[in-house]
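So the structure is just underneath, and the comments pick up after that.
Every number in this text was worked out from the coordinates using simple rules, so none of it is lab data. Values in this document were obtained by computation on a predicted structure and should not be read as measured data. Reconstructed Cβ throughout: ideal geometry from the backbone, glycine too, with neighbour counts over all protein chains shown.
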Amino acid sequence: MTLQLVTDPLNRTLIYRDDDEDVVHCVLTDPDYRRLRTYDCPVDRGDNAFAAMLSQVLFPFSLVRKSWNSDYVLFRLEWGGTLGLIGIALALGVLAWIRAARSLPFRQGWVDWVAVALLGLYGLLAVLVVGREPAGR
């Protein structure tokens, strides 16, 4: 069972769901926890495999916040695996296409190439935002 309590100055909302049910139950209460309203929302347990795969391709790593057996919040990088490498290759291809469209020489701007090769989409976005011009222009 999953139980969540959401509070604000006016109301308290209890949200709970049994792991084997396809319904989320919400109970709205006043500050003294007297029930005001209830709501049941069906949950679609559709397969999110495609969304997870696309996420790993677009973002080769992610920053995960976990606090397993500690009172401290721990941040760690989680690698996207082989699909992350495919995403990096796609980001490098997009960078090559952009540099060709802008008539920029491929041998210059090696920092851009390294950033995209290490960071994938994150690096590509950084390169596009910074927009460095090659030396000699």
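Computed on the chain, with alpha-carbon pairs under 8 angstrom and 6+ residues apart, the relative contact order is 14 percent. Report, in degrees rounded to the nearest 10, the 0 to 90 angle that the Cα long axis of helix 121-130 makes with the longest principal axis of the chain. Computed tilt is about 60 degrees. Full extension of the segment from Tyr122 to Phe106, taken as 0.36 nm per residue of separation minus the current Cα-Cα distance, would add 3.8 nm.
Its relative contact order, with pairs defined as Cα atoms under 8 Å and 6+ residues apart, puts the stretch 2-42 at 31 percent. Placing a label point 7 Å from the Cα of Thr7 along the Cα-to-Cβ line, the residues of the stretch 21-37 whose backbone N sits under 14 Å from it are 29-34. Think of each Lys and Arg Cβ as +1 and each Asp and Glu Cβ as -1; about the Cα centre, that makes the dipole of the stretch 60-137 roughly 200 debye. Along its first, second and third principal axes, ordered by size, the chain spans 72, 33, 33 Å in Cα coordinates.
Based on Cα atoms of the stretch 2-42, Rg over Rh with Rh as the Kirkwood radius reads 1.01. Candidates Ala91, Trp113, Val73 compared by Cα position along the dipole of the chain: farthest toward the positive end lies Trp113, with charges placed on Cβ. Backbone phi angles across the stretch 31-44, fed through the Karplus curve with coefficients 6.51, -1.76 and 1.60 (θ = phi - 60°), yield HN-Hα couplings of x, 8, 6, 8, 5, 9, 7, 10, 8, 10, 10, x, 10, 8 Hz in residue order; Gly and Pro are listed as x. Measuring r between the beta carbons of Ala96 and Phe50 and using R0 = 22 Å, the FRET efficiency lands at 0.25.
Residues within the reach of a label modelled at Trp79 (point 7 angstrom out along Cα to beta-carbon, backbone nitrogen below 17 Å), restricted to the stretch 107-131, are 117-121. Think of the stretch 60-137 as having a plus end and a minus end, set by charges on the Cβ of Lys, Arg, Asp and Glu; of Pro60, Tyr122, Ala100, Ala100 sits farthest toward the positive end of this dipole.
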